[in-house]
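Below you'll find the structure, written out as structure tokens, and then a few comments.
Bear in mind that the values in this text are calculations on the coordinates, not laboratory data. Note that the structure is predicted; figures quoted are calculated from it, not measured. Here the Cβ is made from the backbone with ideal geometry for all residues, glycine too, and neighbour counts use every protein chain on show.
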Amino acid sequence: MNLYYERIFLINVIVWSASFILTKNVVANVSVLNLITYRFVIAFIIVSIFSIGKFRHIDREVIKSSAKLGTILYLAYLFQTIGLKYTTATKAAFINSLIVIFVPLILFFTKGKKLNKITLFICFVNIIGIGLLTLNYNLGINLGDFLMLIAAVFFALHIIVVGAVSSLGKNLLIGTLQFGFLSFISIIFSIAFEPLEIYSNSSFWIPMIVLSIFCTAIPYIVQIYIQKVVNEERISLLFTAEPVFAAIIAYFVAGEILTPKEFVGALVIFLSLNIETIYKKFKLHEVD
């Protein structure tokens, strides 16, 4: 049964992999705060249409959980969207896939969940991969890559919190209010730091609607339902597929190509993120 839900979530991951190049193209002409505001306000409106009947079940726990999720997700997208202004969609996706490492690390520091030797080895290998992918020859890191690392931490934290709140049994309501709180934060920051602009051109609205509905509203609601039956670590492992699809899409859409050093770093990250899966399959064959 879990395999069925994991396959559904993999569709989420593929959709999110396309959002990197889509966001990068939009943010080239639209301010970061405006982009985030429009993206999540539209998502909130769309999801609210289907969940308005659930609003009567709002209680303190739902508000608390939704506010926490909305705040974490806002910070994740703030750092990611700014980061995409200064790095490629391909590198961004590979860095974001480090969610698979950050989830067990956060669980270790917050809940005392033990790290196995494989996880520690993966962390060590990933440091090498990240160095090759992001550091220049003067050992400096690109601003965009650094911001993507911070974003990945917040996305990992979001996965963990979703896992905790999905047991409340009010998934559609929490998912909707998550977008509501995020939209509220976005509007406040937009008004405070830059004018909230009105756009009329199709070059803005077409990718924005795709981002809002197919890369935001649908997958994040699906995620909350799926994490009722699939744990955080399995969810994070599925993100290992994201950079592969993102790299393919970025190549065909924008002609993005990694340098030889970056390619080696990306390959090291991808292989390291699959070490645990390969190890478990090997151990299973040994038992057989």
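Worth pointing out:
- Using a Förster distance of 22 Å, the FRET efficiency for residue 191-residue 52 (Cβ separation, nearest 0.05): 0.25
- Ordering 48, 27, 14 by Cα displacement along the dipole of the stretch 1-81 toward the positive end leaves 48 in first place; charges were set at the Cβ atoms of Lys, Arg (+1) and Asp, Glu (-1).
- Listing 202, 48, 19, 166 from fewest to most neighbouring C-beta atoms within 10 Å gives 202, 48, 166, 19.
- Residues considered: 108, 184, 146. Largest GNM mean-square fluctuation over the chain, using C-alpha springs under 10 Å, is found at 108.
- Largest GNM mean-square fluctuation among 53, 169, 144, using the chain with Cα springs under 10 Å: 53.
- Placing +1 on the Cβ of every Lys and Arg and -1 on the Cβ of every Asp and Glu, with nothing else charged, gives the chain a dipole about its Cα centre of roughly 640 debye.
- Computed E for residue 234/residue 124 - FRET, C-beta separation, R0 22 angstrom, nearest 0.05: 0.50
- Relative to the current alpha-carbon distance between residue 200 and residue 168, full extension at 0.36 nm per residue lengthens the span by 7.5 nm.
- FRET efficiency, residue 60 to residue 31 (Cβ-Cβ, R0 45 Å, nearest 0.05): 0.80
- For Cα extents along the principal axes in Å, the candidate list reads (i) 62, 44, 29; (ii) 53, 42, 31; (iii) 71, 54, 37; the entry that matches the value derived from this model is (ii).
- Per-residue extension of 0.36 nm, minus the Cα-Cα distance of residue 111 and residue 11, leaves a gain of 33.0 nm for this segment.
- The chain, relative contact order [Cα under 8 Å, separation at least 6], %: 40 percent
- Relative contact order [Cα under 8 Å, 6+ residues apart], the stretch 33-175, whole percent: 42 percent
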